[in-house]
1. Quick one: which helices (runs of 4 or more DSSP H) lie wholly within the chain and hold at least 1 residues that are at pLDDT 85 or above and surrounded by fewer than 13 Cβ atoms within 10 Å (Cβ to Cβ)?
2. Could you give every pair whose Cβ atoms fall below 6 Å, whose first residue belongs to region 44-57 and is closer than 14 Å to Arg11 by Cα, and whose second residue is surrounded by 16 or more Cβ atoms within 10 Å (Cβ to Cβ), counting only separations of at least 6 or pairs across chains?
Amino acid sequence: MPLSCLLSMVRAFVVQFHSDVSVSERRLAGRVEHLRTGDVAHFDSLEQLLRFVEDRLEADRAEPRIRSTAEECRQ
């Protein structure tokens, strides 16, 4: 499978963490951006970050143009 299928911009995100983040204490906060849409969210927990990512991935799967590209990559 081509690398372009595995690492598509459709599923790309940029995550920026605040300077006072402590992963060991599970204190996460920052900003996340979905590169395909430009949608941005600020988060104060791992759950909020993952919810944003999950929502955008589900929306991408539901979009016909993106779904057809994913199907081409499976062949």
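1. Result: 46-62.
2. That search, which allows pairs on different chains as well, returns Phe52/Val32; Phe52/Ala41; Arg56/His34.
The values are calculated or read from the model by the stated rules, or taken from the named source; none is laboratory data. It should be emphasised that the depicted structure is a prediction, and the values quoted were computed from it without experimental measurement. For neighbour counting, all protein chains shown are included, and Cβ atoms are generated from backbone atoms with ideal geometry for every residue, glycine included.
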